[in-house]
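Some notes on the structure that comes next.
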Amino acid sequence: MKHILTVLLLLALGSTVTVLRAQNSQELLARANQQYVLYENAKGDNSTEMYDHLYQSYTLYSSLLDAFADPNAMEAARNRLIQIYPALKNAAMFFSNMNNTQMAHQFGMAYILLPKNQAFTGGELRTDEVYPQIVYNTGISAYKQQNMDDAMLCFTEYLSTGEPDRAKDCIIFLNMIYMSRHNYAEQEKILQRAISEYPNTMDFYYNLINLYIST
């Protein structure tokens, strides 16, 4: 009898937790919708408030993508983020052109990371020809702010696009990051790649020789 009561109690607690999570999801969704409406009302004036509402709505909707207790909230958030995605790109480009490092980094990372979420494995969020440039600019912004994890992600992402324009610069930055972190294995890999792709750039040979001497 005690075992039966324990099982029933656990089931009741589990149901309560699920209901609470669903309620929290609906509250988050309501707040996200409010921020989105405020963004829509301010859209076009390039004001601080407009971008703040855009980013707040993005953050709130993104937090709902793993709200498994409330699939309706998940789907609503997913659909809204598909609408928001082009605005994230425009914001990243705008702040990059304005040399606003912090905001360019903030919106650039949102633009880069959102399509990688498992909720968008169907390819609903498509990038275009400006994607590599935004990725590079975001990497530079992250590097200037000493956010090396984001910088490393962006420079690696740029190389994965196959775009040649800034590939050499990305390799140089990655080499410096790996060296500063004493990540000699990755530094060796990136320098070997650099020598393979840019055999006439002697600095890469010198860097690799110095790496071998120091290790």
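At-a-glance table
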read-out: The listed residue being within 30 Å of Q83 (Cα to Cα) and in contact with a helix residue (DSSP H, G or I) (Cβ under 6 Å, 6 or more places away or on another chain), out of P115, P132; value: P132
read-out: E157 being in contact with a Leu (Cβ under 9 Å, 6 or more places away or on another chain), in a helix (DSSP H, G or I) and farther than 24 Å from R80 by Cβ; value: no
read-out: Some residue of segment 183-200 being open to solvent by 20 Å² or more (accessible area, probe 1.4 Å), touching a His at 6+ places or on another chain (Cβ under 8 Å) and either of a type in the set (F, W, Y) or at pLDDT 95 or above (or both); value: no
read-out: Residue satisfying condition, being in contact (Cβ under 8 Å) with a residue 12 or more places away in the chain and more than 20 Å from the chain's Cα centre (by Cα), within set Y178, Y158, Y143; value: Y178
read-out: Verdict on D66 being at pLDDT 90 or above and either of a type outside the set (A, V, I, L, M, F, W, C) or open to solvent by 30 Å² or more (accessible area, probe 1.4 Å) (or both); value: no
read-out: Qualifying residue in segment 121-132 (condition: modelled with pLDDT of 95 or more and part of a helix (DSSP H, G or I)); value: yes
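The values are calculated or read from the model by the stated rules, or taken from the named source; none is laboratory data. All of these numbers come straight from a predicted model, not from anything done at the bench. So basically every Cβ, Gly included, is an ideal-geometry build from the backbone, and we count neighbours across all protein chains shown. Ligands, DNA and RNA are excluded from the accessible area calculation, which covers all protein heavy atoms including side chains. Shrake-Rupley method; radii C 1.70, N 1.55, O 1.52, S 1.80 Å.
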